[in-house]
Each structure stands twice: as structure tokens, then as C-alpha cells.
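In what follows, a structure is listed as C-alpha cells, so that the remarks can point back to it.
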Amino acid sequence: KFQQFFCYFLFAVTHNTGLLIPTHTWRCFSRVPLVVELWDRGSSSRDQLLGSASIQLHQLLSSEKTQLGPTGDPGWRQTHQDRIPVVHPQPSERVAELSYVATLEDLGFIKAKEVLVSDSIQVGPDGSEPAPQATRDTLEYRAALELEMWKEEQEDLFDDQLKQKELRHMQALADEWRKRDREREALVKKKELEFNLLEEKLQKTLCDLEKREKQLAEAELQVRLIKPDQYKQSIIFRSSSRESDHLVALEKEKVRLMEEERGRLLQQVERRRFCRVHNGLVKLVNKEFQLFREQQNLRPEFRLQAEVNLLALEKVELERKLESTTKSKLHYKQQWGRALKELARFKQREQENAMARLKKQQAELEAMRLRYLATEEKEVVRQDRQELDDIRNELNRLKKQEQEKLGPAPAEPDSAPSLNLNESAEEHLSRLLEERDTLLRTGVYTHDDRIIAELSRQIQEAMRDRKL
């Protein structure tokens, strides 16, 4: 609880109307409240606003008036007492309660002093000029001072309201920023979860691809181990099965087209049957109407009415036929366009399938040709190796025989066998070189293959034997 305090305000207004309070002053008191602020003045920190309370002056203006002086004087007084809460700006909560008593007094009119100005300056009895009145004691100065103070208070009030609005806007911006930040975090978490799921799917797909590659490698190895005849039979069987599947697909497509054609023909038959029945009924009605018209032809008005009705029926019939013809024409046009599109798609699909089959068959034939060439080359290499071993054995046997026959005999008779051996070694070396070059030219083998390495080794051995 704070000590009681007192505030006193003076207002000077121009009273040029018949009202007790001028309109401008009344409007100002009614619209602008008197704001009382509660501040905490700390010793070390700056002042802190604890709360504020707004005193509405329109309640004071609507209170009962009491006369100040005797009857006839214009002075009067209004008093209003109330209790209002002191509210903290942020958050808006009640921090205290203010009990106030507001009083508005009208002190009446200010009487103007008549000042007589003479042509000459009057001198006092003591010979000195009269002392002028102090400027600060005049009512005009006080009124101007009060007006300036009121302006400063209004400016402070406007600044406080502007600061409160700025604080509210900043709080709203901060709330919106936090909201956007939470939404952004939620979106980031969602995207991270989606990326993790996609990464798991990708890992699973990679594992499946590795398994399929292993299976394909094993299947290719098994296919290579199969005998050439069985492999050819399997290729022929697969090609025949693909051709049969293609023929079955063609037959199914033909059956589907025939079913569509059958449905369309059935619709046409039903439509024509309905037209025949309808035409029979129309003819019967026309006959009855003809008899009725012949009976009514005796009257001219009936005859004219019959002609009008006949013309109307003809008009309706012609309109119906025109509409039916237009619809059937549009329907047939749509069916024809759809059939042309389907035929074009079917032709394109057949061409694509034929090209794919042709490319696949060419690839299979090329692979078979390469495998067959490799098999033949392996067989030739095996035969050459066998011949090479036979020649090596023969050479060893001949060397042993020559070593056994060495003795006092002259060396001239042995020149002919050595010459024959050198010629056979040269032929063998040239044949090995030709075989190795032939295998390398096919593009199937490289220098790192076992067959090429074996041929190179044999060539080196043959060259060493030739040098010996």
C-alpha cells in the first residue's frame, strides 16, 4: 500500500459559447484517458515499469454538479470516486489496485483588468517608475505552461502506446517465427525419415542386384559347362517357345478384336430390330390415323387441322432421323478413329517386338559363334599340344640314341640327322607362333589367358632347343 498522493491541473479555455464546458475540452476529456503508471526505481538498474491504470474522465463529466459559491456565481464542482486495476503490460495481468477521487472545478470567468495608458509616463510619488508585474504570475503564462505540460504528457503517453504496440508486434513476430521454426523442424524430420526409408530401399535393391548378379554368373557358368549340343537344343527350345508365345498373343489379340466386332454387330442387329418393330407400329398407327382422317375430311376445319398435324409429325420424324444419322455418323467416326489408332499401336508394337527378337537372336548367334570358335581353338590347341609332346618325346629319344652312339666315329655322318632335327624344330616353332597369333587375332583371348601363356612357354622352349 502506497501513501496518498495529489495531482492538481489548471486549464484555461476560451468561453465563447453558451455551454458550460467548450466542445473541444469535452471531447478531449471524453476520448483521452488519464494514465497513471507505477514504476520501480532500482538503485543499480534502470527504472522498470510495473503497471499502468487508465482513469476514464467521461465518468467524471457525467457525475452530479454542485454549486461552489452563492447562487448566481458560475462556479461549480463535479466529483467521481472509483477503484481500478493496475495492469502489467506483458503479460497482461493484474498487479495492484488504484483507488482515486477525481474532482473537476469550474472557477468561473477571468475578469480583465482595465489598463489606462496616458500619453506620458506617470511617475510615482517618490519620482520612480511603477514596478511592472512579474511575468510568471500572469494567468496567460500559467495557461501556456499547463498547455506545454499537457502536450509533454500526451507525447509521453503516445510514446508509451507506441512502445506497447511495438512490443506486441515484436511478440507476434516472435511467436510466428517460433511457429515457422517448429514447422520447419517438423518438415526436416519428415524429410530425414523419408530419406532414411529411401536409403533402406536402395540398400535392399543393391543387395537384390548383387544376388541376381551372382545367380546370373552361376547360371552362365552352368551354361558354359553344358555340352554344345544340349546348349543348342536349349536355345532352339527357347526360340520356339518365344515364337509360340508370340503366336498365342497374336491369336488372343485377334480373338479380342473379333469379340469387339461381334459386340458391335449385335448392337447393330438390336438397333435394326427395334427400328423394324417401331416402323411396324408407326405403320399401324398411320393406318388408323388415315381412317380417322378420311372420316373427318368431311369438315374443312378438321381437314386443315389434320394437315397441320401431319406436317408436324413429318417435321418431328425428320428431326429424329437427322439426329439419329448425326449420332450414328459420329459414333462410326469415333469407332473408325479408335480402330486406326489401335491398328497403328499394334503395328508399332509388333515392329518393336520383331526388332527386339532379331537383336536378341543376333546376339545369341554371335555368342554361340564365339563359343564354338573358342571350343574349336581349344581342341586344336589340345591336339597341337599332344603333337608337341610327341615331338618332344621323339626328340628326347633321338637324343638318347645319339648319346649312346657317340664314339670314335667321325662327326660328319651325323650332320644329316641334326639338319633334319633343326628343320623340324623350325617348323614346330613357326606353327606355334602362327597358332598364337591366330588366337590373339580372334579377339576372344588375350596374353593373360592360360592357352596363350602355354603357347608362349612352348615357343620359348622351342627357341632354346633350337639354340642348343
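A few notes on this one:
- Only one of Lys189, Lys232, Lys214 that is assigned by TED's automatic domain parsing to the domain that holds Lys360 and either surrounded by 10 or more Cβ atoms within 10 Å (Cβ to Cβ) or in contact with a Ser or Thr (Cβ under 7 Å, 6 or more places away or on another chain) (or both): Lys232
- Here Gln164 meets the list (1) more than 30 Å from Phe11 (Cβ to Cβ); (2) modelled with pLDDT of 85 or more; (3) touching a Pro at 6+ places or on another chain (Cβ under 8 Å); (4) polar (S, T, N, Q) almost entirely, failing just condition (1).
- Residue within the stretch 220-229 that is farther than 26 Å from Tyr332 by Cα, free of Cβ contacts under 8 Å to residues at least 12 places away in the same chain, outside the structural domain of Arg371 (by TED's automatic domain parsing) and within 46 Å of the chain's Cα centre (by Cα) present: yes
- The criterion of at least 1 residues that are of a type in the set (Phe, Trp, Tyr) and at pLDDT 80 or above is met, among strands (runs of 3 or more DSSP E) falling completely within the stretch 54-118, by 76-88, 93-106.
- A search for C-beta distances below 8 Å between a residue of the stretch 352-370 that is on the phi > 0 side of the Ramachandran plot and among the hydrophobic types (A, V, I, L, M, F, W, C) and any residue that is assigned to a helix (DSSP H, G or I) and surrounded by 10 or more Cβ atoms within 10 Å (Cβ to Cβ), counting only pairs 6+ apart in sequence or on different chains, returns nothing.
The values are calculated or read from the model by the stated rules, or taken from the named source; none is laboratory data. All figures in this text were calculated on a predicted structure; none of them were measured in a lab. When we count neighbours, we look across all protein chains shown, and the Cβ atoms used for this are built from the backbone with ideal geometry, even at glycine.
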